[in-house]
Amino acid sequence: MKIFVDTAVLEEILEVKKLGILDGVTTNPTLVSKTGKPWKEAISEILKEVPDKPVSVEVVATDCEGMKREAKELAELGKNVVVKIPCTEDGLRAISELHREGANVKTNVTLVFSPLQALLAAKVGATYVSPFIGRIDDISYDGLQVVEEIVDIYQFYGFETEIIAASIRHVDHVRRCAALGVDIATIPFKVIKQMYKHPLTDIGLERFVKDAEKAGISI
Ligand code: E4P
């Protein structure tokens, strides 16, 4: 499973990169607003540090023509830019028209909450689809069940669109996505840290350090 970091904060992206596990980055207008930086500055900094892995950047237009125009502009920012387009009628149309026109734009259909939305995202030829697990859980439905159905449908028909499990809230979401064979999980920085932290690792290490001193082991 590929690991994307779900943030626009440069320092967080750099830390995950240093760990050697960064496969990509996803942003959205909310995440960019949290950086306190102007949008263009925040995105250019990310693209400078991550020039060779997919970086999702969201359109703000909501009409088909506006989304297409923005998508083409965003794609000019870097060959690794993936344009996030919402799963609306205009959004789906924008993606199919971009394809028909031969535009070289990679797309990520965002704000996906049902298997049928994901089916349509694949049908219009999106590069990625992003089901929002946490937000589905928030309305007392099962986000992981939605993801499982999408995985099954995509496997059944051999769709090439990659699934990005998004809106991840905790490590158990990540674990269960991995068990389902999801292509990618886009994970908040805080949750990535929780993936390697374990109290028994800390306790065990403390004991080993003490015992090494007792045994006179040093390097
Ligand atoms: C990423 O592509 C999504 O925009 C993000 O995961 C949404 O997460 P949230 O539901 O925690 O805002």
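The values are calculated or read from the model by the stated rules, or taken from the named source; none is laboratory data. Predicted model only: the values in this text are computed from it and were never measured. Because the Cβ atoms are built from the backbone with ideal geometry, glycine has one as well, and the counts that use them run over all protein chains shown. Side chains included, ligands, DNA and RNA excluded: accessible areas come from the protein's heavy atoms. Shrake-Rupley method; radii C 1.70, N 1.55, O 1.52, S 1.80 Å.
Computed values, structure above
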read-out: Failed condition for residue 46, given (1) within 15 Å of the ligand (Cβ to nearest atom); (2) assigned to a helix (DSSP H, G or I); (3) farther than 15 Å from residue 82 by Cα; value: (3)
read-out: Region 119-143 - residue that is over 17 Å from residue 156 (Cβ atoms) and open to solvent by less than 10 Å² (accessible area, probe 1.4 Å) and, of those, farthest from the ligand (Cβ to nearest atom); value: 126
read-out: Index of the failed condition, residue 65 passing every other in (1) more than 13 Å from the ligand (Cβ to nearest atom); (2) closer than 30 Å to residue 197 by Cα; (3) without any contact (Cβ under 8 Å) to a residue 60 or more places away in the chain; value: (2)
read-out: Residue match in region 20-39 (condition: within 16 Å of the ligand (Cβ to nearest atom), within 16 Å of residue 191 (Cβ to Cβ), touching a residue at least 60 places away in the same chain (Cβ under 8 Å) and part of a helix (DSSP H, G or I)); value: no
read-out: Filtered residue count, region 97-118, keeping only those that are surrounded by 15 or more Cβ atoms within 10 Å (Cβ to Cβ), free of Cβ contacts under 8 Å to residues at least 60 places away in the same chain and either basic (Lys, Arg) or within 15 Å of the ligand (Cβ to nearest atom) (or both); value: 8
read-out: Meets criteria (hydrophobic (A, V, I, L, M, F, W, C) and touching a residue at least 40 places away in the same chain (Cβ under 8 Å)) for residue 178; value: yes
read-out: Residue satisfying all of: in region 68-94; more than 16 Å from the ligand (Cβ to nearest atom), farther than 19 Å from residue 46 by Cα and among the hydrophobic types (A, V, I, L, M, F, W, C); most open to solvent (accessible area, probe 1.4 Å) among these; value: 92
read-out: Members of region 169-192 found to be part of a loop (DSSP other than H, G, I, E, B) and among the aliphatic types (A, V, I, L, M), listed by number; value: 182
read-out: Exclusive hit being under 27 Å from residue 99 (Cα atoms), near the ligand (Cβ under 10 Å from one of its atoms) and open to solvent by less than 80 Å² (accessible area, probe 1.4 Å), set 168, 164; value: 164
read-out: Test: residue in region 111-125 that is assigned to a loop (DSSP other than H, G, I, E, B) and within 16 Å of residue 57 (Cβ to Cβ); value: no
